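Here's the structure we're looking at; comments come further down.
Only the coordinates and a few stated rules stand behind these numbers; no lab work does. Not measured: the values here are computed from a predicted model. Every residue, glycine as well, gets a Cβ built from its backbone with ideal geometry; the counts of neighbours run over all protein chains shown.
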Amino acid sequence: MGITKDQVRKVALLARLELPDEQLEVMTGQLAEIVTYIDLLSELDTDRVEPMAHAMDLANVFAEDDVEPSLDRDQALANAPRHDGQCYLVPAVLGDS
Amino acid sequence: MTLLELTATEQLRQLEAGELTAAELTRAYLERIARVEPQVQAFTRVNADAARQQAALVDRRRRQGDRVGRLAGLPVAVKDVLCTQGAPTTCASRMLADFRPPYDATVIARLRAADAILIGKTNMDEFAMGGSTENSALHPTRNPWDLTRSPGGSSGGAAACVAAGMAPLSVGSDTGGSIRQPAGLCGVVGLKPTYGRVSRFGLVAFASSLDQVGPMARSVEDAALLLETLAGHDSRDSTSANVPVPAYHRSVREPLNGLRVGIVPEHFAQGLDADVEQAIREALRVYESLGADVREVKLPHARYAVATYYVIAPCEASSNLARYDGVHYGYRWSPPPAPVGGEPVPSPPDADESDLVRLYRRTRAEGFGMEVKRRIMLGTYALSAGYYDAYYLKALKVRRLIRQDFDDVFRDVDLVASPVTAAPAFELGEMVHDPLKMYLIDLYTVSANLAGIPGISMPCGFSSSGLPIGLQLLAPSFGEEILLRGAYRFQQVTDWHRRSPSL
């Protein structure tokens, strides 16, 4: 199955990546080659096979609803590129910035 | 035999007998690092001062007769994908160049509790994606056996530092072979435990249904010793198994009779290097001479493993790496300042792109390297509308078939033996521009991650050009004891693991 440059451009937006045009070109070729290889899977009949999302058959794991110490705000913000001591700062999403 | 040529088990015996101090041992390794690290470049960071202090403390406690941990005084290097509280944890990525985690990974906490000397953090492919350690944003690592060659990856630094005698033990992570492949290419022992055997809390996530932390060492006994410290249930990792941890360091030496070893004829098909094939066949003869029953088994879906892996791992990665958004931690793009007195720099004419989306996209464009972007793109594509069933769901189904193959095989044999890679270490730069070729190196290793079973790689010979060759053994889920015992038997009658590169 072929992958077009337009598809790759759209996927880059979905993935929140910015790819300059020359990278888009290279990436399109590489993804096409990899996807062609992956198409090998289509030769297997898997209609009656249950998907296996995990290596262990785990049911839900529950924990007691106990309050335990967790990071305080200063620690949680310590690695943030921009914050005001209380909140993470991002560009305005609504209205004019 | 010099101090650094001893195995960790032998060093520990001397430490416990009072014939050696942690300070002496740590000093010897730091001196070795000062001498050979400039050539090998296995580390992202060496904690010389902290290591010396920790060693002095362990010595004092031992002298006072205080209770000390299982690894007391042994230096351990740790792959830079495991969170160390307050200390840089880079994943060899520009994205996390300045990241200092506010907590320790559970395995780090266990190593501290065992009084190991945390000597440094090791280089890797960025976010553990790759098989050569060339995808590190810092620098490539070199194979100690031939400095023009790759140590493999992604735990290339962890393997190279043990091979070069810069640490007796190291901790790696393995999502598709990232412990076993570099161990094989560097001539050391590397073990990927059963999924759930070792806590993933504080392991920076790549593909959460496949990632496992495991030991790297010079000998199987040493790997058993380290695994015993790393393994165990952790309530902070809901996929961690609540299964008791055997005393691996003792059981590894228990006698083993009637071992049944399976081999897969397709593993010896075309594409396998002649030196590698010869070394593997010779290793199988060693097992036969030890009384093992070596027989052919079938893994009919093995040929689909790489394709399955390169759907599932990138899908999980694209989701896991969505967290790097330039907001909570890590790198953030900043807009260039407006020219003085002029108009602000105009945004490109993209109607969909808010300032926030632009922040995300540029942060990720500048913070991630090409291989990480490639995997995110591949995963996003495979999960996107219209392709989910054809790729992701399909791969999950084939994953079950691969697992069932192993369930069937392990009814007849105890272990499955194979090469680790089809060829010895490749040249640096040889494959960086051919991602698919690089992915196909994972042929022998990815099945264990998909099936969740444990696997070990250990040295079993050398190529005609003097490069190490690895033998892989696989065992059923939670079969680490037989895996280690089976591997230990081989090392009892061979000395490949005693060879060191001349650096």
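Observations on the model:
- For segment B:427-443, 3J(HN,Hα) per residue [Karplus equation, 6.51 cos²θ - 1.76 cosθ + 1.60, θ = phi - 60°, Hz, x = Gly/Pro]: 5, 4, x, 5, 10, 4, 9, 10, x, 5, 4, 5, 5, 5, 4, 7, 2
- For the cross-link pairs A:K10/B:K121; B:K394/B:K437; B:K192/B:K397, the ones whose C-alpha atoms lie over 32 Å apart are A:K10/B:K121.
- Counting every pair of alpha carbons in segment B:99-181, the share spaced more than 22 Å apart comes to 26 percent.
- Restricted to Cα atoms, chain B shows a radius of gyration and a Dmax of 22.5, 85 angstrom.
- For B:G461, net neighbour charge (Lys/Arg +1, Asp/Glu -1) across residues whose Cβ lies under 14 Å away: -1
- In chain A, one over the average inverse separation of all distinct C-alpha pairs is 19.6 Å, which is the Kirkwood hydrodynamic radius.
- Long-range HN-HN contacts of B:S463 with modeled amide H, under 5 Å: B:I469
- Note on B:372-382: average number of Cβ atoms from other chains within 10 Å of each residue's Cβ is 6.
- Cα-based Rg of segment B:296-444 normalised by 2.2 N^0.38 Å, two decimals: 1.47
- Applying the criteria of a DSSP loop state and at most 10 other Cβ atoms within 10 Å to the trypsin sites (Lys or Arg not before Pro) of segment B:48-140 yields B:R67.
- The coefficient of translational diffusion for segment B:167-225, derived via Stokes-Einstein from the alpha carbon Kirkwood radius under 20 °C and 1.002 mPa s, stands at 186 µm²/s.
- In straight-distance terms, cross-link reach from B:K79 covers every one of the aspartates and glutamates whose alpha-carbon lies under 14 Å from its own, apart from those fewer than eight places away in the same chain; here that gives B:D104, B:D125, B:E126, B:D174, B:D211.
- Cα-based equivalent ellipsoid, segment B:80-140: semi-axes from gyration tensor eigenvalues, Å: 22, 13, 9
- Computed 3J(HN,Hα) for segment B:449-459, one whole-Hz value per residue from the Karplus formula 6.51 cos²θ - 1.76 cosθ + 1.60 where θ = phi - 60°, is 5, 4, 7, x, 8, x, x, 10, 10, 9, x, glycine and proline marked x.
- Hull volume in cubic angstrom per residue (convex hull over the Cα atoms of segment B:240-380): 259
- Once Rg and the Kirkwood radius are both taken over the C-alpha atoms of the protein assembly as shown, their ratio Rg/Rh works out to 0.97.
- Charged-residue dipole, Cβ positions (Lys, Arg, Asp, Glu), chain B about Cα centre, Debye nearest 20: 800
- Percent breakdown of C-alpha pair distances by 10 Å bin, ordered from the shortest bin, for segment B:353-402: 23, 34, 29, 12, 2
- Segment B:1-78 - charge dipole about Cα centre, Lys and Arg +1 at Cβ, Asp and Glu -1, debye rounded to 20: 260
- Ratio of Rg to Rh over segment B:245-313 (Cα coordinates, Kirkwood Rh, two decimals): 1.08
- Taking the C-alpha atoms only, the angle from helix A:5-14 to the longest principal axis of chain A is near 20 degrees.
- For the protein assembly as shown, the Cβ-based charge dipole about the Cα centre amounts to some 1200 debye (Lys, Arg positive; Asp, Glu negative; other atoms uncharged).
- Within segment B:120-255, the proportion of Cα pairs with more than 21 Å between them is 38 percent.
- More than 34 angstrom apart: percent of Cα pairs within segment B:3-260: 10
- Hydrodynamic estimate: the Kirkwood radius of segment B:1-84 over Cα pairs, inserted into Stokes-Einstein at 37 °C and 0.692 mPa s, corresponds to D of 240 µm²/s.
- Segment A:21-97: trypsin sites (Lys or Arg not before Pro) in DSSP coil with no more than 14 other Cβ atoms inside 10 Å: A:R48, A:R82
- Evaluating 6.51 cos²θ - 1.76 cosθ + 1.60 at θ = phi - 60° for every residue in segment B:93-100, the Karplus couplings come out as 10, 4, 4, 10, 4, 10, 7, 10 Hz, glycine and proline recorded as x.
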